[in-house]
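The values are calculated or read from the model by the stated rules, or taken from the named source; none is laboratory data. Values in this document were obtained by computation on a predicted structure and should not be read as measured data. Neighbour counts are summed over all protein chains in view; Cβ atoms, including those assigned to glycine, are modelled from backbone coordinates with ideal geometry. Surface accessibility is based on the protein's heavy atoms, side chains included, excluding ligands, DNA and RNA. Shrake-Rupley method; radii C 1.70, N 1.55, O 1.52, S 1.80 Å.
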Number of protein chains: 4
Amino acid sequence: MPKAPLTPRKAPRQERSRKTCDAILKAAADILAREGQTGLNTNHVARKAGVSIGSLYQYYPNKQSIVGALIHARRAALLAEMEQAAEAAEAAGLDEIVRAMVAVRLRHHFRHPRLAEALSRAEAELPADRDLRQQRTRVEAMIVAVLAEYYVDDPETVARDVLAIGDGMACAAVEAGESDAEALVARVDRAVLGYLAPIVGD
Amino acid sequence: MPKAPLTPRKAPRQERSRKTCDAILKAAADILAREGQTGLNTNHVARKAGVSIGSLYQYYPNKQSIVGALIHARRAALLAEMEQAAEAAEAAGLDEIVRAMVAVRLRHHFRHPRLAEALSRAEAELPADRDLRQQRTRVEAMIVAVLAEYYVDDPETVARDVLAIGDGMACAAVEAGESDAEALVARVDRAVLGYLAPIVGD
Amino acid sequence: MPKAPLTPRKAPRQERSRKTCDAILKAAADILAREGQTGLNTNHVARKAGVSIGSLYQYYPNKQSIVGALIHARRAALLAEMEQAAEAAEAAGLDEIVRAMVAVRLRHHFRHPRLAEALSRAEAELPADRDLRQQRTRVEAMIVAVLAEYYVDDPETVARDVLAIGDGMACAAVEAGESDAEALVARVDRAVLGYLAPIVGD
Amino acid sequence: MPKAPLTPRKAPRQERSRKTCDAILKAAADILAREGQTGLNTNHVARKAGVSIGSLYQYYPNKQSIVGALIHARRAALLAEMEQAAEAAEAAGLDEIVRAMVAVRLRHHFRHPRLAEALSRAEAELPADRDLRQQRTRVEAMIVAVLAEYYVDDPETVARDVLAIGDGMACAAVEAGESDAEALVARVDRAVLGYLAPIVGD
DNA sequence: GATGAATGAGCCTTCATTCAT
DNA sequence: GATGAATGAAGGCTCATTCAT
């Protein structure tokens, strides 16, 4: 494979560029949420974004880079929210902090569930990308940091499990038609706390 | 869309047909596990199966029906295993039965993790199919039955959550490079029991 | 570059395939002769060949391979003619043999001058291909063999020069509107013999 | 086609314009020499020239006009050199003058062989342009003039042949990796003199 | 005049599917 | 029934050229 970059082609310097770039991502997100990967093609995205196909390729070197940018942007937002939550709960105990961060993630998921899931599937099929991998690591690292502070054993695995519990339940809930994020948060809390209880020394 | 059927074109009655059908599914499974959806195309499948593209279409009306058949076949196997597990654990308490069934599912996943995940992603993108939906319901129904017997409230949601916890953790574990199913089973148990504890009257 | 093969994709086994393959080459030759590289695109070729674009790609993995095949085929024919000429002139002296071979080449060129030149230009822009390079060497080798037999010094350079004289004059003649191959043969003879005279021991 | 002009849009009168024009031609020459026609595109040229794409189109109405200008400029330089050579050899005999002019051409070719050949191929594919055709004629006319002075028959054909011999041998030599212009000059001399001998009355 | 964002026709190529043998 | 040649819609992407700023 001739190494297809997953990062945008150039940083938009002019105001107009920013708009175009954003319109493309927005259109792609919309299509992905509505029709999944199947319906996502560059011509379609460009048309929906009200932009010519040439402009699209001015900013994104290939189709995958659009999906990559979308994943990156959403995860960056999530990271910011998680950091905020971590700070807010700083004073509280381990359980409270972890719950807060997981809750943020769930709410994030519930805000655009179809998109969240389409992106998650898309990422799994995307060729490995260093940037995205790092970013993913950073999300886990936030939990790892908290766990480590409390001397939890093997914090990486624990962090991964905790996040996975939330993700799994969120997907299933959305698929089943649920739309009340807080109801799910409560259930996930039970699972997460149950999972943590035996390994957190009191 | 003119509503493409997802089920095989005809039930293969003859020995020869069976073999062809199986070879096709096997080839598709292999490709899906190795290369994901991206690498899956009918010509490739036919060649790998040692079958002409014409024959492939004799048995499967379209590409999606192959994926559909694959999902169906694997889930049928899972169902059988779960039934067996349920019977074996019948005498035990609620926790034990649920744990047993979840464990079966995890081991099933770990047997062919790349395939399991590719299929799960594929199913999410497939157009809704009555047959597959029913089958999925049946898996949940098995847990629901057990829960109901123990007077658990809203057993459908609980069943869904329990399965989702296992699925989520399994995907994350595989992605992280784990390969020890039993280690994961233990961790999932913690989460599942923690989740169940408050809602199971003792 | 991801290594684009210049050789046909598969050898046609059925009668029908042969026809398709040939029709494609013929169409490509026609377009190349009439419009040059500029007018050569796969859709155009397919249409003119009375073949679907899909069929074209069944036999030629990419556009360049069509041009490559064309070059190869024409040069193979030339080689055959040159061999014949060499045999026929075997008894004669060095001059005679070389003249005969050069004459064959000129006549070959004059049979389809626009095509010959378009292909020659195309080959220069094509990525280096081992197969074509070898074939080109073989043409020169035929002259080298004759020269070596007569103890000519540095036969490779001499062979190259002799051929180049003919090629250069042929291109210029065609471009100027000449169409009488034999008139040109006579003039090329003068140049070639003049070139050889000082280096051929008498 | 709406008849695209091959000549620069306007004569650059100001110093600034001259520089831009030249930078564009230089960049185009460089790309053409390095990558051939394939790599030549207007955006690439503009970037390499350190000029905006808009400015490029200010001076050259289309891509072909850039190539045309390049051909024109190089051939103008060649013409000047040939004139100089003709003057210098004026006193000598026919052979000497012709040899001198051919030698100039060969050295010109060897100074930038990749470019010379790329341009020659490009010119062949360019739509006929009156300006370039005239210029080409002028090169031949210089030889024709000398030949006519010596009462050579059909001087146009002879001039064409003589030039073609040199061109053909130069291309082949460069392609074979030769880089010693003088060595080639000697060989071309042999061919040219051999060609001329029978038709020049002594 | 200069800039570079935007445009869109058009090209290469793939792949699900059909159909003649 | 099997085969595999053929089909063509569709999609990714480039690049010559225009135009608003």
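Tabulated data
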{"read-out": "Selection count where residues are more than 7 Å from chain A (Cβ to nearest Cβ) and charged (D, E, K, R), scope region B:179-194", "value": "3"}
{"read-out": "Lone unmet requirement of (1) free of Cβ contacts under 8 Å to residues at least 60 places away in the same chain; (2) buried (at least 22 other Cβ atoms within 10 Å of the Cβ) for C:Val192", "value": "(1)"}
{"read-out": "Positions within region A:120-132 being without any contact (Cβ under 8 Å) to a residue 24 or more places away in the chain and within 11 Å of chain B (Cβ to nearest Cβ), in sequence order", "value": "A:Ala124"}
{"read-out": "Number of the exception - C:Ala49 against (1) of a type in the set (A, V, I, L, M, F, W, C); (2) within 16 Å of C:Glu123 (Cβ to Cβ); (3) modelled with pLDDT of 95 or more", "value": "(2)"}
{"read-out": "Verdict on D:Thr137 being of a type in the set (S, T, N, Q), over 11 Å from the mean Cα position of the chain (by Cα) and open to solvent by less than 30 Å² (accessible area, probe 1.4 Å)", "value": "no"}
{"read-out": "Residue satisfying condition, being more than 24 Å from C:Ala76 (Cα to Cα) and of a type outside the set (Ser, Thr, Tyr), within set C:Gly168, C:Gly177", "value": "C:Gly177"}
{"read-out": "Answer residue from region C:1-25, given it is at pLDDT 85 or above and within 21 Å of C:Leu132 (Cα to Cα) and is farthest from DNA strand E (Cβ to nearest atom) among those", "value": "C:Asp22"}
{"read-out": "Of all residues making up region A:82-91, the number that are open to solvent by 50 Å² or more (accessible area, probe 1.4 Å) and either part of a helix (DSSP H, G or I) or within 16 Å of DNA strand F (Cβ to nearest atom) (or both)", "value": "4"}
{"read-out": "In region A:39-77, residue nearest to DNA strand E (Cβ to nearest atom) [restricted to those that are β-branched (Val, Ile, Thr), in a helix (DSSP H, G or I) and touching a Ser or Thr at 6+ places or on another chain (Cβ under 8 Å)]", "value": "A:Ile53"}
{"read-out": "Selection from region D:41-72 of residues that are open to solvent by less than 10 Å² (accessible area, probe 1.4 Å) and polar (S, T, N, Q)", "value": "D:Ser65"}
{"read-out": "Top-ranked residue in region A:52-72 [being within 14 Å of chain B (Cβ to nearest Cβ) and more than 6 Å from DNA strand F (Cβ to nearest atom); ranked as farthest from A:Asp30 (Cα to Cα)]", "value": "A:Gln64"}
{"read-out": "Tally, over region D:26-38, of residues that are more than 13 Å from chain C (Cβ to nearest Cβ) and within 15 Å of DNA strand E (Cβ to nearest atom)", "value": "1"}
{"read-out": "Out of A:Ala164, A:Ala159, sole residue that is open to solvent by less than 10 Å² (accessible area, probe 1.4 Å), more than 8 Å from chain B (Cβ to nearest Cβ) and without any contact (Cβ under 8 Å) to a residue 40 or more places away in the chain", "value": "A:Ala159"}
{"read-out": "Region D:157-194: number of residues that are part of a loop (DSSP other than H, G, I, E, B) and hydroxyl-bearing (Ser, Thr, Tyr)", "value": "1"}
{"read-out": "Single unsatisfied condition, C:Tyr151 versus (1) in contact (Cβ under 8 Å) with a residue 40 or more places away in the chain; (2) on the phi < 0 side of the Ramachandran plot; (3) open to solvent by 40 Å² or more (accessible area, probe 1.4 Å)", "value": "(2)"}
{"read-out": "Test: residue in region D:92-99 that is part of a helix (DSSP H, G or I), surrounded by 14 or more Cβ atoms within 10 Å (Cβ to Cβ) and in contact with a Phe, Trp or Tyr (Cβ under 7 Å, 6 or more places away or on another chain)", "value": "yes"}
{"read-out": "Members of region D:103-124 found to be surrounded by fewer than 19 Cβ atoms within 10 Å (Cβ to Cβ) and more than 12 Å from the chain's Cα centre (by Cα), listed by number", "value": "D:Arg114, D:Ala124"}
{"read-out": "Count of region A:29-40 residues which are more than 8 Å from DNA strand F (Cβ to nearest atom) and either open to solvent by 40 Å² or more (accessible area, probe 1.4 Å) or not hydrophobic (A, V, I, L, M, F, W, C) (or both)", "value": "6"}
{"read-out": "Unique match (being part of a helix (DSSP H, G or I), away from every other protein chain (no Cβ under 12 Å) and open to solvent by 30 Å² or more (accessible area, probe 1.4 Å)) among A:Ala197, A:Ala145", "value": "A:Ala145"}
{"read-out": "Given (1) within 11 Å of chain A (Cβ to nearest Cβ); (2) aliphatic (A, V, I, L, M); (3) buried (at least 20 other Cβ atoms within 10 Å of the Cβ), index of the condition B:Ala176 fails", "value": "(3)"}
